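Following: one structure in structure tokens, then a few remarks.
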Amino acid sequence: MDSTSGSQQQSLNRSHRLLLFSVFVIATCGLIYELVAGTMASYLLGDSVTQFSTVIGAYLFSMGIGSWLSGKVDGDLFRWFILIEILVGVVGGCSAPVMFLLFEHVTSFRVVLYAFVALTGILVGLEIPILMRIMNAGVEFRHLVARVFTFDYIGALLASLIFPLLLIPYLGLIRTSLVFGLFNVGVAVYILYSFRETVRYRRRMATLVAGGSLVLVAGFVFAERIMSYSETLAFQDKVIYSKSTPYQRIVLTRNNRELRLFLNGNLQFSSADEYRYHEALVHPAMQAVPAAARVLILGGGDGLAVRELLRYPALKSVTLVDLDPAMTQMFSNSEMLLQLNKRSLLSDKVHVVNTDAFNYVRTDSSLYDVIIVDFPDPSNYSIGKLYTVKFYEEVSRLLQERGIMVIQSTSPLVARRSFWCIAHSLEAVGFTTVPYHVYVPSFGEWGYVMAMKGHLWHPEGTLPDGLRYINRNVMKTMTSFPPDMAEVPTDINKLNNQVLVNYFEEEWAPYEH
Amino acid sequence: MNTDRPEMPSRREWLRLLAGVPLAAVAACSSKNPYSHITGGIAGANHKVGHLLRDGAAIPAPDEYMEREIVIAGAGVSGLSAARWLDRKGHNDILLLEMGERTGGNAVWGQNKASAYPWGAHYLPVPDAADEELAAFLQAAGVITGYRNGLPVFNEYHLCHDPEERLFIHGHWQEGLLPHFGVPGPDRQQIAGFMQHVAALKEEKGTDGKYAFSIPLDTSSADERWRILDTITFAQYLKERGYTSAYLLWYLNYCCKDDYGMGIEHTSAWAGLHYFAARRGRAANADHSSILTWPQGNGFLADALRAQCGNAEIKTGVLLYRVLPHLDYVELHCLMPDTGKSFGIRAKKVLLSSPRYVNKHLLAGDISNRISGQASYAPWVVANITFSSLPQGRGTALCWDNVIYGRDSVGYVYANHQSLTPPVGKGVITWYLPIQAGSDKDARMQVYKRSWNDWVKVIMEDLSIAHRDIHRFVENIDVWVWGHGMIQPVPGYIWGRERTAAMRPVNDRIFFAHSDLSGISIFEEAFHQGIRAAKELSGMS
Ligand SMILES: Cc1cc2nc3c(=O)[nH]c(=O)nc-3n(C[C@H](O)[C@H](O)[C@H](O)COP(=O)(O)OP(=O)(O)OC[C@H]3O[C@@H](n4cnc5c(N)ncnc54)[C@H](O)[C@@H]3O)c2cc1C
């Protein structure tokens, strides 16, 4: 063997190894795109088994089309391969961010999803056959096939392991797809500058490479920004408003039937059935104090309870205490929301105070005929404090002797102990209580507790006109609890035991994702 | 009003899926100093003022003098308690001097936008109802709101809110500090056995009819059977009784560090047991192990004492640097370190509520030796850490007291815990480290030498065990170094002769009150030391 053929052999080996390495990289990338699409689909569309299996099926089928198409490819194979790499990189790499951005702006997300799956699949299907044809020169076919598929499968294994273990936890879906796009482009660059055959079109390809990389890198850098749209994905409907305040994240969504308000991802009301919730919150208590002139509302910055209150002409003033000025402003300014609360917050009788309720009740010295307590559910220790005997003691000072207080008290069906714990805590402070419940489709079976200073609940007033849910009959039946919601013994909720938060956590846990 | 809708993917899950670890984290990992964004400094330079004392001779004698009836030096809990007591007994010419800018001593506190926070002492266990002096003070301070069935009703705002304590062990936050998560059965049995042992000791009495262990500790039984325990270390005591579980010993070591600034190897067995067996607190609305706490820690109590000092005059920023006993008065030399000016006082009676190591420099000769004795102190490092959010690990949610298993530090308390307002982003935690290495002078030097940057690193490394990447969320760290944080009840200190000797007044003109004189540095001891000395001063003991 002479020296020239030896070095030729060597360089052949080198380029061969190089190409095998490319096989490995593109195989990894290929599977990553598939996983990205599958994950996206199962999270966005739900039903992960169906989503994953249809995405995988479609992807593999598209790869088949790609392989078939590769048969039609002729001419400079290097050129084709490099071009395809750049394309796979850009299309596959951008798949996650683009699908994600389009999700709520397109009527059928599935079309976008499968278009991406098909396009990526076809391009990925083209890669290996073309690469094999390039490598075919100088290697025996059976070795070639063996090696190429070995690396193909190793790449797939690697992808399937690092995707859930490293990529998703550390990079996240969006950056993962972008990074692997860059890897594909990297392979293009690698080949472009390692083979003499590519000299003629290096310039032109380099421009393409630069463009593609730029897009991917920009996506990577702005991933956070793209992410800020992410919450829209957590909601089924179109997000029409969202705002982060120091206290919470406010999101309004809308579909053609209803408007929904979410605070920190928790549904506060749906315009479709909130009348049930708010009528039930306000009227039973008001009926017992028909001459009520002064009312205090704690929480309820949406003005919907106020709307119900303003139906009583005897009412002189409503003080509404809500922590978050952004909430009360939003419900005083937005035309759409003003329609919903009938401009209640703009009424002369309404006095809005933006402060936290605990400190408010500790410092206020007025007396109220009716007090309406409409806080978020006791899902954490800081909200839990607003359901303690200490809090009820403080509010009790502000309630007229013949007055009445009503507290929204979570679902007696889902959270039976939580519900009765609230009633028992009120009783521990000396209140007599009237627990009741109604059905609100968006929430399910929902509970409230009325609390009075020793007297009984006599709903004697005349109900205002125009109510859609509460009537005499409903008020009669709502205080009866079927066995599955009937009273259970509980501890009393105090600042230094916070049993309610524990009950609540346990009882709602099966419903959380 | 409602919770997550079941059919919706949880938002948090989505965010995690989409974003992974935020880019900032990746960037922070790669940059050389991950703490460069953290602001802060070393606060509490009291030791510098204290060092003036040692060079007291260099300070010129004052040329102006004033006359006072009673002068109290040191406005810590003991000094404030003495002033309060004397004022209530009708003494109307009391001057209280404090070298610090603020009163409170080891119970001082600070404040920023996120919260008020303690710089030292931070809680008081529900006290024994039999302690009438303390109960009266607490009632006047609004901590006790009344009595029900003969038991005090504590202000529920001041009782520690739930959840109270958690321990990070085996990668998980468990509820409570007694290790149980992942702890093998035999260890749990030993732990339960020890707890039963000390529960029984609580009710034990000596031949004199007094409880074996009491607060204030001078009311404990004089029975040799118990006092002999002050001659061995707690570690020895435990070994003799066959307590070997690593988890139990860790816990006991943690407790001793927490209260005495040193481990079981150095703590007197009597003191070690006192921690568990002296508290017989009862309440109408809390259980015996409940504690009282405030965002500003015991600063609340110190301020309440001060508010009950009536007409007593309080001067801060005044260092007493020399005490000269005369036949019918005591001459005091004072310095205002801020201005460098000094002045003198001729006082009828003086009550020194400064620590023993300070008193040594104030007086001279035999008296100095008698009152200073062999007291040794544990240095403490306390850090107040302001964060924008606190990443949590698995298990129990953020509590008031949060401890990490197996660390030098004794964990941190959450200053916002007692707040009734929902947290608005920022919060403050107060982190505690007793320095145990070497002799106590070496340890002190080592502590003073460390820079703020060194401490930030130590603190962040300690906390990151339980809070991954916590430094990213930390905005500010202020560090306070207590060179002589706590008196150490080493064997022989509490029931040795020196301690009683150090309490004895000089010429019926100079009196001593400080928790050092108990040997156990807790609020109740300081409070009673103040009253004891005040009684002696007014001839009522
Ligand atoms: C880090 C730390 C945490 C603690 N945590 C707790 C806790 O949670 N619960 C608890 O009960 N106890 C705790 N303690 C113990 C605490 O020391 C006592 O509760 C109590 O505050 C001690 O009060 P004192 O009056 O005895 O002493 P000090 O607080 O030391 O008061 C002495 C005062 O004298 C002043 N002074 C000294 N020399 C002079 C001088 N020459 N001239 C003028 N003024 C002078 C000092 O500035 C100081 O204000 C803690 C201590 C430390 C160090």
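The values are calculated or read from the model by the stated rules, or taken from the named source; none is laboratory data. All of these numbers come straight from a predicted model, not from anything done at the bench. For neighbour counting, all protein chains shown are included, and Cβ atoms are generated from backbone atoms with ideal geometry for every residue, glycine included. Areas reflect the complete protein model, heavy atoms only, side chains present, ligands, DNA and RNA absent. Shrake-Rupley method; radii C 1.70, N 1.55, O 1.52, S 1.80 Å.
Miscellaneous remarks
- For B:Glu64, solvent-accessible area (1.4 Å; no DNA, RNA or ligand), Å²: 130
- Residue-normalised accessible area of the protein assembly as shown, given per residue in Å² at a 1.4 Å probe: 41
- Annotation: aspartates and glutamates with alpha-carbon distance below 19 angstrom to B:Lys239 (same-chain offsets under eight excluded): B:Asp187, B:Asp230, B:Glu265.
- Within the protein assembly as shown, percent of DSSP bridges classed antiparallel, to nearest 5: 65
- Of the beta bridges in chain A, as assigned by DSSP with both residues counted there, near 60 percent are antiparallel.
- Heavy atoms of A:Lys238: accessible area, 1.4 Å probe, square angstrom to 10: 110
- The protein assembly as shown: C-alpha gyration tensor shape, a/c 1.5 cut-off, then a/b vs b/c: oblate
- For B:Tyr448, the solvent-accessible surface computed with a 1.4 Å probe is close to 60 Å², ligands and nucleic acids excluded.
- Residues along the range A:175-203 losing 10 Å² or more of accessible surface when the other protein chains are present rather than the chain by itself (probe 1.4 Å): A:Arg175
- Gyration tensor (alpha-carbon) shape descriptor, the range A:282-511, a/c threshold 1.5: rounded
- Proximal lysines relative to A:Lys342, as straight alpha-carbon distance under 22 Å, when same-chain residues fewer than 8 apart are discounted: A:Lys316
- Chains A and B together bury some 4700 Å² of accessible area, summed over both sides, with a 1.4 Å probe.
- A Cβ-based charge dipole, computed about the Cα centre of the range A:282-511 with Lys and Arg at +1 and Asp and Glu at -1, lands at about 600 debye.
- Cα-centre dipole for the range B:190-289 with unit charges at Cβ (Lys and Arg positive, Asp and Glu negative), debye to 20: 180
- Beta bridges by DSSP in the range A:282-511, antiparallel share as percent, to the nearest 5: 40
- For B:Ile291, residues with placed amide H under 5 Å, excluding near neighbours: B:Val126, B:Cys160
- Taking the charge dipole of the protein assembly as shown about its Cα centre, with +1 at Lys and Arg Cβ atoms and -1 at Asp and Glu Cβ atoms, the residue from B:Ala304, B:Ala378, B:Thr219 reaching farthest to the positive side is B:Ala378.
- For a straight C-alpha distance cut-off of 27 angstrom, the lysines reachable from B:Lys441 (same-chain residues fewer than eight places away being disregarded) are B:Lys48, B:Lys257, B:Lys360, B:Lys449, B:Lys457.
- In terms of distances greater than 27 angstrom between alpha carbons, the cross-link table entries A:Lys385/B:Lys426; B:Lys315/B:Lys349; A:Lys243/A:Lys390; A:Lys494/B:Lys205; B:Lys89/B:Lys210 yield A:Lys243/A:Lys390; A:Lys494/B:Lys205; B:Lys89/B:Lys210.
- Accessible area of chain B belonging to carbon and sulfur atoms, whole % at 1.4 Å probe: 50
- Interface residues, the range B:159-190 - accessible area loss of 10 Å² or more versus chain alone, probe 1.4 Å: B:Leu159, B:Cys160, B:His161, B:Asp162, B:Pro163
- At least 15 Å along the helix axis (C-alpha) and Kyte average at least -0.5, DSSP helices within chain A: A:3-45, A:48-70, A:77-102, A:109-135, A:141-162, A:172-194, A:202-221, A:416-428
- Within the accessible area of chain A (1.4 Å probe), percent carbon and sulfur: 59
- Calculated from backbone phi, Karplus (6.51, -1.76, 1.60) coupling profile of the range B:419-427 in Hz, x at Gly/Pro: 5, 9, 7, x, x, 10, x, 5, x
- Prolate/oblate/rounded label for chain A (Cα gyration tensor, a/c 1.5): prolate
- Taking A:Val352, B:Val143, A:Val91 and ordering them by how much accessible surface each has at a 1.4 Å probe, largest first, produces A:Val352, A:Val91, B:Val143.
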